[in-house]
Every structure is written in structure tokens, then in C-alpha cells.
Amino acid sequence: MEKRKDWMTNYLKDHNIALTGFMGAGKSTVAKTLSKIFGVKYIETDEMIVQKEGMTINEIFAKFGEPHFRNSETKILEELSETGGCVISCGGGTVMKDENVELLRKNGCIVLLTATPETILERVKDSDERPILKGHKDVDFIGALMEKRRESYENAADIIVPTDEKTIDEVCTDIVDALMDLEAGGDV
Ligand code: S3P
């Protein structure tokens, strides 16, 4: 891990790492862990929106609608595209918008975390904080929405890391290894 740590510390000096993927893919947990390991800032775009608006995500969707939430998301990414040194946990719908993908790529790489609809359901079933899943916490809905979003997720991603049946540490190690490989290929 020491060699990986040096490489990542250096990479993160002037880059961000953005984690994307479906709700419940593990973005927040993995982003928190990566930021702790490498001593950089952890940013959750949803949390920044909640703080700015002084409302929960559910309240923002109910009061102003999804387009308003999506605009707030883009504004946050505009700010973040001016800095490096952050591990960013994006909302599950962030990379559906090309403009957001461009902003995330401007000074960083995009890591897609994946999981099967069954795993996702298991991880989200006790949470009521996701308006998109309200009344739809079932494998069919999750699988269908995931399919609808798949192309955008995959096109946006610099690297793809499956998370099913892996520990958080294993996912973190896979991310760092994949990023180092990407760098060796000269693409980062
Ligand atoms: C959303 C995912 C949520 C949040 C909002 C919309 C989506 O974030 O941004 O509820 O469209 O997939 P998480 O993926 O962190 O749950």
C-alpha cells in the first residue's frame, strides 16, 4: 500500500477523484474511506446541496422539483472543478448530464462503482432519503432504472469497479490499482 499511497498523494495534489454510480453503490462510504487513507477532503455533493438550500433532498424535490436539484448539482460541480485534492461522492444521477461529466473530468477522474440490483436493494431498503426510490424499493424498478442509466454511467467512467461481495478496503484497493494502471497507460 505504501507505493500506492505515494502515487495517490501525488495524484491528488492537483486532481479530484469523483465516485459515481447508482444509489447504494457505495459511493459515500468508499469516498470517506479513500479521503481518510490519503488525507484529503471528502465532499458529498448531496450534502453540499442540503447545506446550501437548508432543506433535505426530499424537501428540495417536493418543493422545487428535480430540475432545481439538478441545477444545484451542476453549480456545486462548477465550484469543485476549480480545485484538486478532493474525493467527491456524486449523487446517483449526476453523470446523466454531459455538462457535469465535463466538469468532473476537468481536473480529475471518474470512478464508476457498480452493484447488482439485488445488492442495491439490500443497501437502500432501510433508507427513506431518496425521492427517486420512493414507493419503488424493488429489484424490478432498480434494475430498469439502472439499465436506462447504464450507457451514461459507462461512457462517463474512466474506470469501473464492481462492489458486490467486496469489503470497503477491497474496493479502495481496486480503485487505486485501476487508477495507477490508467496512469501507466497515459490516460489520467
Ligand atoms: C439520485 C441519487 C441520490 C441523490 C438524489 C437523486 C439519483 O444520491 O442525489 O436523491 O438520481 O440517482 P445517492 O446516489 O448518493 O443516493
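The values are calculated or read from the model by the stated rules, or taken from the named source; none is laboratory data. These figures come from a predicted structure and were not determined experimentally. Counting neighbours? That spans all protein chains shown, and the Cβs are built from the backbone with ideal geometry, glycine included. For the accessible areas, the whole protein counts, side chains as well, though only heavy atoms, and no ligand, DNA or RNA atoms are used. Shrake-Rupley method; radii C 1.70, N 1.55, O 1.52, S 1.80 Å.
Residues that are near the ligand (Cβ under 10 Å from one of its atoms) and in a helix (DSSP H, G or I) do occur in the range 62-69, at least one of them.
With the structure loaded, tell me whether residue 31 is within 16 Å of the ligand (Cβ to nearest atom), touching a strand residue (DSSP E or B) at 6+ places or on another chain (Cβ under 7 Å) and under 17 Å from residue 173 (Cβ atoms) or whether it fails that test. Judged against the criteria, residue 31 is a match. For residue 25, the criteria (1) within 20 Å of residue 112 (Cα to Cα); (2) of a type in the set (A, V, I, L, M, F, W, C); (3) surrounded by fewer than 17 Cβ atoms within 10 Å (Cβ to Cβ) hold in every case but one, which is (3). The listed residues are 2, 44, 73, 78, and the only one of them that is more than 18 Å from the chain's Cα centre (by Cα) and either open to solvent by 40 Å² or more (accessible area, probe 1.4 Å) or within 12 Å of the ligand (Cβ to nearest atom) (or both) turns out to be 2. Report, ordered by the first and then the second residue, all pairs with beta carbons closer than 7 Å, sequence separation of six or more or different chains, a first member in the range 102-119 that is among the acidic types (Asp, Glu), and a second member that is in a helix (DSSP H, G or I). Partner pairs satisfying both residue conditions: 118/139.
Restricting the first member to the range 38-58 and to residues that are under 25 Å from residue 12 (Cβ atoms), and the second to residues that are open to solvent by 50 Å² or more (accessible area, probe 1.4 Å) and away from the ligand (no atom under 13 Å from the Cβ), the beta-carbon pairs closer than 8 Å and six or more apart or on different chains are 38/5; 38/9; 39/9; 42/36.
Within the range 122-138, the set of residues being free of Cβ contacts under 8 Å to residues at least 40 places away in the same chain and surrounded by 15 or more Cβ atoms within 10 Å (Cβ to Cβ) comprises 137 only. Residue 177 satisfies every condition listed in (1) under 19 Å from residue 30 (Cβ atoms); (2) open to solvent by 60 Å² or more (accessible area, probe 1.4 Å) except (2).
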